[in-house]
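Take a look at the structure set out below.
The values are calculated or read from the model by the stated rules, or taken from the named source; none is laboratory data. Just so you know, these numbers come straight off a predicted model, no measurement behind them. Don't worry about glycine lacking a Cβ; one is built from the backbone with ideal geometry, like all the others, and counts go over all protein chains shown.
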Amino acid sequence: MPNVLNNKVASLVLSLSILLPSIATAELTFTAPPRETPAAGEKVYGPLVKHLSALLNEKVTYKHPRSWRNYKKEMQKGSYDIVFDGPHFAAWRLNKQSAQPVVKLPGSLSFVLVARKEANVSDKKDLIGKKVCSLPSPNLGAMTVYSMYPNQMSQPVFKFVKGGMGKVTKTMLAGKCDGAILRKSFFNNKLSADQRASLIVLETSKPYVNQGVTLNARIPVEKRQLIIKSLTAGEGKQAAMPILNRFSGKAKSFVAANESEYSDLNLLKKNHIFGW
């Protein structure tokens, strides 16, 4: 009997000796949507990733998702530990994977559904069956249009345009779409007075919580608190500047995020058209 017990103990020790090194060398993966090339993504997110490695005393690695299709697949598998992206993705992970929000960009996101006056459209229902320009799904703008037309049999026809809001606007004004979904801030601040005068605003979305950082549920609460403190009031503010400069203009730091802000934002929940 003692020999059997000793053999079991030895087997357990051997198993742990194999397992523990793999745990010690495990890495946390940081990612963001594939809105830029891997090299450009490294410039934007690399400083923050380096800071998080030091802050958490744990290796954090930036992983470019390569494509939107792969981003979706890996997100659904729960492959990512730390993610910076839009509120609809974050809300999906909170709902499906018990992820936790930590920080967000200040301000909010809001969209306007507009139509060319030449298209003789006076109500959003008039766009049913007509072309609406949008950034490609699963961009939040596309999801917002979808939420404005919950009946899948009575929706506009999406024309997805790559190249940012400027390209979306240019495509619509060229007559290739009857309407478009635009960021409200872009509509108000980037379009000329003549361009705005040529459009009619059919509907304005509610303000959504801005882009932010969420953590996989496996990351313990004490590390979540470290990240919040560092990115809102500590050394992490400087490391996050490339992200802030690109996505939030004059913002000086992230601000703390609250889980309740995402309660009604899972726009992917019933989105069968786009595969969620």
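If the condition is being part of a strand (DSSP E or B) and more than 15 Å from the chain's Cα centre (by Cα), then segment 104-131 contributes Phe111, Val112, Leu113, Val114, Ala115, Arg116, Lys131. Only one entry of Gly163, Gly141 meets the criterion of being within 24 Å of the chain's Cα centre (by Cα), surrounded by fewer than 17 Cβ atoms within 10 Å (Cβ to Cβ), at pLDDT below 95 and under 30 Å from Tyr71 (Cα atoms), and that entry is Gly163. Filtering Ala193, Ala180 for residues that are out of contact with any Asp or Glu (no Cβ under 6 Å at 6 or more places or on another chain), among the aliphatic types (A, V, I, L, M), outside the structural domain of Phe254 (by TED's automatic domain parsing) and farther than 24 Å from Ser248 by Cβ leaves a single hit, Ala193. Selection of segment 28-59 for residues being loosely packed, with under 14 Cβ neighbours inside 10 Å and touching a residue at least 60 places away in the same chain (Cβ under 8 Å) yields Lys43, Lys50. Applying the criterion of being farther than 19 Å from Ser260 by Cβ and surrounded by 18 or more Cβ atoms within 10 Å (Cβ to Cβ) to the residues of segment 206-222, the residue that is farthest from the chain's Cα centre (by Cα) is Ile219.
Residue under question is Glu259, and the condition is that it be free of Cβ contacts under 8 Å to residues at least 40 places away in the same chain, under 30 Å from Tyr62 (Cβ atoms) and loosely packed, with under 14 Cβ neighbours inside 10 Å; does it hold? No.
Before we move on, is Arg224 among the charged types (D, E, K, R) and touching a strand residue (DSSP E or B) at 6+ places or on another chain (Cβ under 7 Å)? Yes, satisfied.
Working only within segment 144-160, note down all residues that are surrounded by fewer than 22 Cβ atoms within 10 Å (Cβ to Cβ) and either farther than 18 Å from Lys184 by Cβ or at pLDDT 90 or above (or both). Result: Met148, Tyr149, Pro150, Asn151, Gln152, Met153, Ser154, Gln155, Val157, Phe158, Lys159, Phe160.
The single condition among (1) touching a helix residue (DSSP H, G or I) at 6+ places or on another chain (Cβ under 6 Å); (2) closer than 27 Å to Asn57 by Cβ that Ile181 does not meet is (2).
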